[in-house]
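Structure record follows, encoded as structure tokens.
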Amino acid sequence: MKTPRWSALALPILLAHPAAAQEAAPLLHPMFQDHAVLQRDRPIAIWGDAPAGETVRVTLGERKAQVRADPAGHWRVDLPAMRAGGPYTLAVTTGSGKTQRAEDVMLGDVWLCSGQSNMEFPVSGVLGAAGEIARANDPELRLMTVEKKTALTPQRQFPAPVQWQPTTPESVRDFSAACYFMARDLRASQKVPMGLIDASWGGTAIDAWRPESALATDPGAQADLELLRTYRADPARASALFGQRWMAWYRGKTGDAAGTEPWQIDAPGEWRPLPSFEAWEKWGVAELAQYNGMLWYRTEVTLTAEQAAKGAALALGPADDMDASFVNGVPVGVTYAWGEPRNYALAPGTLKAGRNVIAVGVLDTWGEGGLTGTPEQRAIRFADGTSVPLAGPEGWRWRRAPDGIGEPPHAPWEAIAGFSGIYNAMIAPIGPYGLRGAAWYQGEANAGSPGGYAGKLGSMMTAWRSQFGNARMPFLVAQLSGWGPRVPQPVESGFAQIRDEQRRAVAADPHAALAVTIDLGDVVDIHPANKLDVGHRLARGAEALTYGGKASPSGPWPVEARYEGSVIRVRFTGADKGLVTYSAAQPIGFELCGAAPGSCRFATAVLSGTDVLVAAGAGPAERVRFCWGDSPICNLYDGTGLPATPFELPVR
């Protein structure tokens with residue numbers, strides 16, 4: 001089973017209206033409350049809500065400001081910069097006498113930590129967790145966790161309450177481990193209060209974290225952006241349009257002729273009896289014991305004419321990972337979220353008197369897969385509160401989809417793989433809150449389609465910096481750790497390409513650093529438990545970018561690869577105390593490749609000062625790769641113990 005702690009929430013979350021959660025807004029935005037940490041040494045933006053035209057007076061220590069709420073009932077003041085220190089009381093008073101206070105407010109450094117499951121991974125899951133939790137007592141290290149929510153448009157308020165908490169064993173237990181360990185190092189070196197904002201969500205793709213302004217510059221995103229705008233105005237029409245796109249994708253991948261697809265009422269093919277509503281790995285079917293791919297499920301339900309005319313929804317129970325569901329050959333819903341029950345509203349006319357055919361394509365990409373849940377979760381539910389249960393396993397059939405069809409398209413309004421929804425509900429509400437920097441640990445969810453990730457990451461960093469009012473805000477990027485099977489020959493690898501895309505995004509940004517974690521992974525667990533060293537390396541990048549640290553932020557960094565006679569010289573910078581190799585006299589993990597895919601071969605290499613000389617050999621060598629694969633074994637480090645980043649460079 002996939003771990004619930006890091007699993008994604010279902011699509012219906014996106015359809016909620018988060019602003020309704022805070023109908024009676026307080027004077028201060030929720031970022032400003034007891035135990036808050038405000039960013040030192042820069043102007044302090046403070047904002048909130050009050051009746052339109054109301055005078056608002058703000059006091060923080062000796063700093064004071066006054067403003068009038070705008071016609072929408074919003075106000076903001078910018079107080080002069082303050083040095084690290086505290087505690088202070090932040091007080092807001094209106095002309096009508098309403099008052100709100102935030103006590104025990106500190107001035108220090110604030111870091112935003114974001115990404116997917118390896119950033120969300122809690123302190124309770126790390127190596128030596130019991131000791132780490134027991135030692136977690138620091139009243140000047142403050143923690144905030146943003147609840148997982150999505151929204152169709154950027155939100156001013158959080159969809160769910162947030163809270164600043166001093167670090168205690170209780171507050172740190174479920175907090176982001178990588179974020180906490182990073183900040184603990186920085187607290188020790190900088191001796192100032194720290195505030196950490198954890199806004200992370202397992203399984204999420206980067207586009208869900210990019211605001212629409214960043215997506216608007218991406219030529220490949222325009223069709224989906226237009227579909228998302230349609231969805232905001234007319235969800236049923238947008239869903240129908242996307243259903244047609246999904247069906248065209250499937251036909252293109254499988255070669256099925258129109259009318260013969262598995263969702264059709266009388267679909268041909270071998271349909272076998274369903275063993276159970278458990279993960280298909282548990283069915284005892286040999287071909288499914290380790291299967292990652294798509295299965296089709298199929299059943300029928302008989303309705304009266306009166307029932308068919310009612311407003312209705314299809315309830316299916318949980319699916320793992322993704323489903324595409326059809327009723328009588330009509331697409332009714334697509335969701336990418338594991339372990340969450342599916343509930344799809346049915347358009348009028350979808351149900352028929354008599355026989356109704358339900359077909360569900362379920363795609364699993366890792367771990368266990370299938371339709372699961374209890375009998376009560378599978379039914380046709382009518383608007384009047386009545387329902388017709390769907391059959392048990394004995395009334396269902398299944399068949400396997402062709403292998404190699406890949407991952408289906410995602411609807412742009414999906415929670416974890418769509419456009420901007422998570423940004424809108426989890427990042428936008430932070431507003432212009434002052435930050436020292438951001439730490440980003442994400443990319444696993446993009447490894448299936450890694451091309452263009454560097455540009456996406458770059459545009460996201462630019463957009464977030466714009467929101468937080470600092471074009472030079474440091475970004476710390478945790479590179480993907482090793483995970484997956486090891487192989488004895490060069491291979492193409494989506495994980496390796498994401499690592500190189502991360503490297504290239506950082507190389508193009510003078511205010512970013514890469515925390516290389518290739519050696520901190522786990523071959524069988526995508527969530528490695530060693531987050532302490534991840535935190536150390538993030539902190540080292542922060543020291544170099546923003547605190548004047550002299551150590552290289554990212555370790556050995558490839559600059560260029562050039563022919564020199566019979567060898568190719570790969571030049572490195574950032575190798576503090578020189579290059580070293582472990583467990584061998586020579587560096588391993590180098591490959592030379594021609595222009596064509598599949599042309600890579602392992603190559604021998606030797607150290608030459610802070611360069612590496614790779615023997616060119618007789619084959620083509622237009623590209624050089626290092627440490628390429630899902631879980632490669634690499635032994636090139638600098639003298640301080642940082643590994644060289646995986647990379648691919650053109651040979652000049």
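Some notes on this structure:
- Cα gyration tensor category, rounded, prolate or oblate, for the chain with a/c compared to 1.5: oblate
- Cα centroid separation - region 147-175 against region 441-504, whole Å: 25 Å
- Theoretical ellipticity at 222 nm over the chain - DSSP helices of four or more residues, -39500 (n - 2.57) apiece, nearest 500: -5000 deg cm²/dmol
- Backbone geometry of region 320-335 corresponds, through the Karplus equation with coefficients 6.51, -1.76 and 1.60 at θ = phi - 60°, to 3J(HN,Hα) couplings of 9, 9, 10, 10, 10, 10, 9, 10, 6, x, 9, x, 10, x, 9, 9 Hz, x marking Gly and Pro.
- For the pair T99 and A160, a Förster radius of 22 Å applied to the C-beta separation gives a FRET efficiency near 0.30, rounded to the nearest 0.05.
- Region 73-214 shape via C-alpha gyration tensor axes, a/c threshold 1.5: oblate
- Computed label-point distance, nm, for sites S566 and S599 using a 7 Å Cα→Cβ extension: 2.3 nm
- Computed over region 57-135, the P(r) tail beyond 19 angstrom holds 60 percent of alpha carbon pairs.
- Think of each Lys and Arg Cβ as +1 and each Asp and Glu Cβ as -1; about the Cα centre, that makes the dipole of the chain roughly 1220 debye.
- A crude spin-label estimate for the pair R83 and E622, with each label 7 Å from Cα along the Cβ direction, gives 6.0 nm.
- Seen from a random direction on average, the alpha-carbon convex hull of region 353-449 projects onto 11.3 square nanometres.
- Size descriptor, Kirkwood hydrodynamic radius, that averages inverse alpha-carbon separations across region 529-652, Å: 15.2 Å
- Rounded to whole Hz, the Karplus (6.51, -1.76, 1.60) HN-Hα couplings of region 365-372, x for glycine and proline: 10, 6, x, 8, x, x, 8, 10
- Leading residue at positive end of dipole, the chain (Cβ point charges), from Y250, F175, Q264: F175
- Seen from A507, the other residues with C-beta closer than 13 Å to its C-beta sum to a net charge of -2, counting Lys and Arg as +1 and Asp and Glu as -1.
- Cβ-based charge dipole, region 151-230, positive-most Cα from L215, M194, P159: M194
- Computed over region 246-384, the alpha-carbon pair-distance distribution with 10 angstrom bins reads 12, 42, 37, 9, 1, each value a whole percent.
- Paramagnetic reach from K282 in region 337-361 [backbone N under 18 Å; point 7 Å along Cα→Cβ]: 338-342
- Seen through its C-alpha gyration tensor, with square-root eigenvalues sorted a ≥ b ≥ c, region 105-144 comes out oblate because a/c lies at 1.5 or above while a/b is not bigger than b/c.
- For region 184-260, the extents of the C-alpha atoms along the principal axes are 68, 30, 24 Å, listed from largest to smallest.
- Mean Cα-pair separation over length for region 379-447, i.e. relative contact order, pairs under 8 Å, 6 or more apart, %: 11 percent
- The string of couplings for region 412-421 from the Karplus curve (6.51, -1.76, 1.60, θ = phi - 60°) is x, 9, 4, 5, 9, 10, x, 9, 6, x Hz, one whole number per residue in order, with x for Gly and Pro.
- Other-chain or far-sequence residues with amide H under 5 Å of E560's (modelled H): R571
- Among residues other than Y291 with Cβ under 11 Å from its Cβ, the summed charge is -4 (Lys and Arg +1, Asp and Glu -1).
- Rounded to 0.05, the FRET efficiency of the A353 and R229 pair, given R0 = 51 Å and the Cβ-Cβ distance, is 0.90.
- Relative contact order of the chain, pairs being alpha-carbon contacts under 8 Å that are 6 or more residues apart, as %: 14 percent
- C-alpha center-to-center spacing [region 44-81, region 92-112] in angstrom: 11 Å
- Length available on full extension from E300 to H74: 0.36 nm per residue minus the Cα-Cα distance, which gives 76.0 nm.
- Applying 1/(1 + (r/R0)^6) with r as the Cβ-Cβ distance of Q66 and A216 and R0 = 45 angstrom yields a FRET efficiency of 0.75.
- For A515, the residues 5 or more places off, or on other chains, whose built amide H falls under 5 Å of its own are V477, A478, Q479.
- Disulfide-incompatible cysteines by the Cβ rule (no partner under 4.7 Å) in the chain: none
- Entries of K282/K531; K456/K577; K64/K191; K253/K456 with Cα pairs more than 30 Å apart: K282/K531; K456/K577
- Length released on extending from L241 to Q290, taking residue separation times 0.36 nm less the Cα-Cα span: 14.2 nm
- Between amide H atoms placed 1.01 Å from N, distances below 5 Å from A644 occur with L636, Y637, D638, all of them 5 or more places distant or on a separate chain.
- Inter-probe distance in nm under a simple model that places probes 7 Å from Cα toward Cβ, at T153 and V491: 4.7 nm
- Neighbourhood charge, 12 Å Cβ-Cβ cut-off, centred on L636 and excluding it, Lys, Arg +1 and Asp, Glu -1: -3
- Coordinate range along principal axes, alpha carbons of region 604-652, Å, largest first: 35, 28, 17
- Relative contact order for region 41-172, counting Cα pairs under 8 Å that sit 6 or more residues apart, in percent: 17 percent
- Per-residue extension of 0.36 nm, minus the Cα-Cα distance of A134 and A345, leaves a gain of 71.1 nm for this segment.
- Semi-axis lengths, Å, region 114-189, gyration tensor of Cα atoms, sqrt of 5 times eigenvalues: 25, 14, 11
Values in this text are rule-based calculations from the coordinates and carry no lab data. Predicted model only: the values in this text are computed from it and were never measured. Here Cβ is always computed from backbone atoms with ideal geometry, including for glycine, and neighbour counts include all displayed protein chains.
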